[in-house]
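S.K.: Dropping the structure in here first, questions after.
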Amino acid sequence: VGLPYAPLEGLYELHETIGSGGFAKVKRATHLATGEQVAIKIMDKKQLGVDLPRVYLEITAMKELTHQHIGKLYQVIDSELKIFLVMEYCRGGELFDYIGERCARARARPALDGGRREVERDRLTEEEARVFFRQIVSAVAYIHHKGYAHRDLKPENLLLDDDNRLKLIDFGLCANPEGGMQAHLETCCGSPAYAAPELVSGLQYLGAEADIWSMGVLLYALLCGFLPFDDENIANLYKKIQAGVYQKPEWLSEGSLRLLDQMLQVEPKHRIVVSELLTHPWLTAGTGLPVEWKSYFQSRQPDDDVVTAMAVSGGRSRAWMARRLSQWSYDHTTATYWLLLAAKRRGEPVRLA
Ligand SMILES: CN(C)C[C@H]1CC[C@H](N2C(=O)N(C)Cc3cnc4ccc(-c5cc(Cl)c(O)c(Cl)c5)nc4c32)CC1
């Protein structure tokens, strides 16, 4: 392990690279004290250059956003050459791989109608899409409530943990403008196919409104298996987005079409807002239950069982350990806390190696 990775020595064992985006590399690693898997996002400070301040914005956002459907930040290591973000590992990979995988299995099934091979698209039934979309709405409602906007909602940023629970990640473009959600943002960002008309027109826009549009594109992709606005020519793609006209395949129900129409409104002010989605009939169909968006990690009070396990193994009093953890310093102690809490939530013993 080379010098630049020295800060991880004894704390984490690095494994394979699981992805790279722009100026970052993401590796799977083991947190040695608990044996739990983590994802470590490694950024080179020299390469970052002028983008360095944006990384500190991302870190601030991730520290603020602790939610059951948001990839958790465990530890920040800010060293001479590199910044390491130790994060929750999502074993299930990308949501869209799961869909592709599921449909691939369906494709493997012999044609049930004696031969006419249905062209299986990677699409979900309304019920399956609802399970995932409720979790996306839960995460976005929480983010908007905290005055943030994600601004890069797309399939690559929706991962699954080992219980197929959805985790929103990559807050590299997340914004919490000083003026709260009313401040207009200029920077153009995110992936074109998921970007709102006002964004691709270079107009001033509100992050929260642009997020709703992206969620409409996501829901459409889940229900149809292809994108509402698509074109290999970027200028044509922008025209299609600004026109806001998309195909309505015959398998979409009235309810689905209604919801998509409310999210894919070209005029941002006509678009539905996330708080209205929480009790929307399409979202609550089946259970009748509104989407739960409040964080499970509301209390800043550390969990007693975890405090005890860490106090015992650290030879400290419980009071000392509780005070130490309440500083939420996102150091190794914070990482150990979150990973032990995750083990407890899975019903596993809260124990340190
Ligand atoms: C498309 N992006 C710009 C990069 C891509 C990097 C790999 C990553 N990944 C994968 O692609 N698997 C298939 C496995 C996987 C497993 N756990 C992960 C846990 C966290 C993250 C993660 C990555 C980045 Cl760049 C973040 O900023 C945050 Cl907050 C979180 N990525 C993970 C991840 C998905 C995203």
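Readers should treat all values here as calculations from the given coordinates under stated rules, not as data from a laboratory. Not measured: the values here are computed from a predicted model. Backbone-built Cβ (ideal geometry, glycine too); neighbour counts: all protein chains shown.
S.K.: Would you please state which residues of segment 314-347 a label at Gln298 would reach in this model, taking the label point 7 Å out along Cα→Cβ and a backbone N cut-off of under 15 Å?
M.R.: Within reach of a label on Gln298: no residues.
S.K.: Moving on. Using only alpha carbons, build the gyration tensor for the chain and give me the equivalent ellipsoid semi-axes, biggest first, whole Å.
M.R.: 37, 24, 21
S.K.: So how do Trp251, Trp293 line up by other beta-carbon neighbours within 10 Å, fewest first?
M.R.: So the ranking, lowest neighbour count to highest, is Trp251, Trp293.
S.K.: Please state the relative contact order of the chain as a whole percent: Cα pairs under 8 Å, 6+ residues apart?
M.R.: Values: 549 pairs, mean separation 57.0, N = 353.
Here the relative contact order equals 16 percent.
S.K.: Restricting to Cα atoms and excluding each atom paired with itself, what does the Kirkwood estimate give for segment 256-318 in Å?
M.R.: 15.6
S.K.: What translational diffusion coefficient, in µm²/s and rounded to a whole number, does the Stokes-Einstein relation yield for segment 237-288 at 20 °C and a viscosity of 1.002 mPa s, taking the hydrodynamic radius as the Kirkwood radius over Cα pairs?
M.R.: 173
S.K.: Compute the projected area of the convex hull of the Cα atoms of segment 1-106, averaged over all viewing directions, and report it in nm² to one decimal place.
M.R.: On the way: hull surface 32.2 nm².
Its Cα hull, projected and averaged over all orientations, spans 8.1 nm².
S.K.: First measure r as the distance between the Cβ atoms of Thr308 and Gln204, then evaluate 1/(1 + (r/R0)^6) with R0 = 51 Å and state the FRET efficiency to the nearest 0.05.
M.R.: Plugging the Cβ-Cβ distance into 1/(1 + (r/R0)^6) gives 0.50.
S.K.: How big is the C-alpha Rg of segment 198-312 next to the rule-of-thumb value 2.2 N^0.38 Å, as a ratio?
M.R.: Taking the Cα Rg and dividing by 2.2 N^0.38 Å, one obtains 1.45.
S.K.: Sticking with this structure for a sec: How far apart, in nm, are two points set 7 Å out from the Cα along the Cα-to-Cβ line at Ser317 and at His145?
M.R.: So the two model labels end up 3.6 nm from each other.
S.K.: Next question, about the same structure. Just list whichever of Lys146/Lys269; Lys167/Lys269; Lys25/Lys248; Lys25/Lys146 have alpha carbons separated by over 32 Å in the model shown.
M.R.: Long pairs (Cα-Cα over 32 Å): Lys25/Lys248.
S.K.: Give me Rg/Rg_expected for segment 246-353, where Rg uses Cα atoms only and Rg_expected = 2.2 N^0.38 Å with N residues.
M.R.: Relative to the 2.2 N^0.38 Å estimate, segment 246-353 comes out at 1.72.
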